[in-house]
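Worksheet: one structure, shown below.
Only the coordinates and a few stated rules stand behind these numbers; no lab work does. Small disclaimer: the values here were computed from a predicted structure and weren't measured. Every residue, glycine as well, gets a Cβ built from its backbone with ideal geometry; the counts of neighbours run over all protein chains shown.
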Amino acid sequence: MNLYLRLLLILIKCRFGPPMQTLDTSIIKLRVLLNDLDLNRHMNNGRFLTIMDLGRMDLLSRTGTLKQAMKQRWMPIVGTASIDFQRPLKLWQRYELHSRIYAWDEKWIYLEQTFISRGKLIAKARIKGLLRGKDGNIAPQIVIDSIQPGLVSPVAAEKQIF
């Protein structure tokens, strides 16, 4: 239930917050709650991945991608998630989740999500995702052009991007 409440709050803030460009970084401010903890009394590894969903929703909403996806009936899909943990997050600790798109190719959109608290890196993740419609995967350039026409990926597809 708590995550639905967090999602609702994020979507309300997005509605009244400033829009973003495709390559801008979304930042949401959160706090570790009691139900985020594991037996070691720090934020559960799986909870990081769940919280990352909230960051992606903020990013999709504020760039206009969510509105376009709902209009077209596209569903966001995560293909790969890789996360490196540097430090723990403890109960009541405040942190920020930074989310940004950094590249795309013929099939995938690549995102980076970082958890930061007190100016220090807590965890860094790379996500490979796409949008899927009723007839299959939607080419990332089609998605990008629907929200910011003519924008090209800042990282060439032949480079190592994941």
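General observations
- Residues in region 16-29 that are more than 25 Å from Ser153 (Cβ to Cβ) and in contact (Cβ under 8 Å) with a residue 12 or more places away in the chain: Gly17, Lys29.
- Restricting attention to region 53-100, the residues that are more than 21 Å from Arg126 (Cβ to Cβ) and among the basic types (Lys, Arg) add up to 5.
- Given (1) aliphatic (A, V, I, L, M); (2) surrounded by fewer than 17 Cβ atoms within 10 Å (Cβ to Cβ); (3) in a helix (DSSP H, G or I); (4) touching a residue at least 40 places away in the same chain (Cβ under 8 Å), index of the condition Met52 fails: (2)
- The number of residues in region 109-127 being under 11 Å from Gly79 (Cβ atoms) and free of Cβ contacts under 8 Å to residues at least 40 places away in the same chain comes to 1.
- Search result, residues across region 34-46 that are of a type outside the set (S, T, N, Q), loosely packed, with under 15 Cβ neighbours inside 10 Å and in contact with a strand residue (DSSP E or B) (Cβ under 9 Å, 6 or more places away or on another chain): Arg41
- Index of the failed condition, Ala103 passing every other in (1) closer than 30 Å to Pro149 by Cβ; (2) surrounded by fewer than 18 Cβ atoms within 10 Å (Cβ to Cβ): (2)
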